[in-house]
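Data block below; observations after.
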Amino acid sequence: MIIAFALSSGLVALLLAVSVYSIGHRYMENQRMRSADRVARAYSDMLRPLATRPDPAAALATMEPPDGTILLVRRGTDWYGTDPALGADRLLPAPLIGDPMPGIQRVSVAGQPYFRVGLRLSQGNDMMYEFSPIVELDSRLRMLRNLLIVSALAATMVGAGLGVWASRRVLSPLHHVSGAAARIASGDLELRLTRTHDPDLDTTVDAFNTMVASLQTRIERERRFVGDISHELRTPLTTLMTSVGVMNQHLEELSPRPRRALGYLSAELEHLRRLLDDMLELARVEAGVHRGDTEPLAVGELVTHTLAGRQYAPELLTVAVDAVIRGRKLELERAIGNLLDNADRHGGGVIGVRVARAESEVVITVDDSGPGVPAAERDRIFERFATAPTVRGSDAGSGIGLALVAETVAAHDGRVECEGRRGGGARFTIRLPRIAPPVN
């Protein structure tokens, strides 16, 4: 739009400038030519009676032409002029010296522009040439040309400025829509666009708001559905786990085959329990129902407490630079714990946890010794029910744990990444914004 405005205004300004210059040039030059012709005829009328005198040079000396004007008279075959330094051989081309012709023409004499006006003084070859300087005319034409060029450039810049203003005015609603869409995509489903005074835009605003409302209703319905199912399944699951627990207390009384079946049942019930817990927690985080308010947290202390609570060796943790973040302790502990569980179940075990700082972020990394995650799967594994290759003998997992980590970290204005670890295995990295210098 800016280029279109600039080009259109530039072309119009160029067309007007060329037209004005052509018309002005022609008009001013014609006016000057007519003036030179009138003056030349006046001189010819004055020279006709004087040219019959025995000494034409003396007669010509009585003339007083304006400054810069040169008069050249031919009588017979001789030439006489008002400027002794400029004779006929310098003022006229060779053909006109031998055969002078009347008329008016633009010429250059000693590098200066003149109008040359030729008039006959008698029936013979007696001629008079007037050389009228037009330096002032050329100066005015140059000034007009430069003025038109500056005006054309100014018009082009004004057109570009109008293009900037128009494009911003036209694209401003789109910027609002794109900004609102970005915020809605990040989870702000309560956001709506404000109606404007533009009836054409109001249709788009209403359609957008209706779409977001429908999306919010659908997402909330799905969240309630997941939450309701999880709650409904928790009661029978608790009953089953209690019953299996009672049976496990009498495990020695069972024969080998029922004992093996009871082991499989216990493992599947534990898997189902973890799945329901993760689904409930994920539904809670997505719905914005958080456990407690945000508070300043020392990341090193947070990770140390998480490792100790899950009975990991303290030697696994390396705190390069500690820092303070603002977050919810229980949710972050669960997210870090999920990464640790993921490394144990699917990655061959945790081999290192590190806390460091990168510019304005705090970085928490969890390394495992498993097969790693293929590059094509490193973004997808944070989706719900997505799984990746695991070490032999480990369970496939629910596919909810890493999705819960991603949602929790995003709720804290951070991000989680997966990459390959040098030497083999996977490295999961949590990046959270810090709010204070490193703590001692």
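Just so you know, all these numbers are worked out from the coordinates, no wet-lab data involved. None of the values given here were measured: they were computed from a predicted structure. Using ideal geometry, Cβ is built from the backbone for each residue, glycine included, and neighbour counts are taken over all protein chains shown.
Here are some notes:
- Net charge over other residues, Cβ less than 14 angstrom from the Cβ of Asp99 (K, R count +1; D, E count -1): +1
- Computed from backbone phi, the HN-Hα couplings of segment 347-360 come to x, x, x, 6, 10, x, 10, 9, 10, 9, 9, 10, 6, 9 Hz, rounded to whole numbers (Karplus: 6.51 cos²θ - 1.76 cosθ + 1.60, θ = phi - 60°; Gly and Pro given as x).
- Looking at segment 101-189, none of the chymotrypsin sites (Phe, Trp or Tyr not before Pro) sits in a DSSP loop with at most 10 other Cβ atoms within 10 Å of its own Cβ.
- Cα convex hull volume per residue for segment 199-286 (Å³): 83
- Long-range tail of P(r) for segment 10-148 (Cα pairs > 24 Å, %): 37
- When the helices of the chain are scored as -39500 (n - 2.57) per DSSP H run of n ≥ 4 and the total is divided over every residue, the value at 222 nm lands at -19000 deg cm²/dmol.
- Environment charge at Ala213 (Cβ cut-off 11 Å; Lys +1, Arg +1, Asp -1, Glu -1): -1
- Between the Cα long axis of helix 199-249 and the first principal axis of the chain there is an angle of about 20°, rounded to the nearest 10.
- Here, the chain is characterised by an Rg to Rh ratio of 1.53, where Rg is the alpha-carbon radius of gyration and Rh the Kirkwood radius.
- Across segment 254-268, rounded Karplus estimates of 3J(HN,Hα) from the backbone phi angles (6.51 cos²θ - 1.76 cosθ + 1.60, θ = phi - 60°) give 8, 6, x, 5, x, 5, 5, 5, 5, x, 4, 5, 4, 5, 5 Hz, Gly and Pro being marked x.
- Net charge over other residues, Cβ less than 13 angstrom from the Cβ of Pro374 (K, R count +1; D, E count -1): -1
- The chain: relative contact order in percent, alpha carbon pairs under 8 Å with at least 6 residues between: 11
- Residue-wise HN-Hα couplings along segment 81-98, as the Karplus relation 6.51 cos²θ - 1.76 cosθ + 1.60 with θ = phi - 60° gives them from phi, are x, 7, 10, x, 6, 10, x, 4, 5, 9, 8, 10, x, 3, x, 6, 5, x Hz; Gly and Pro carry x.
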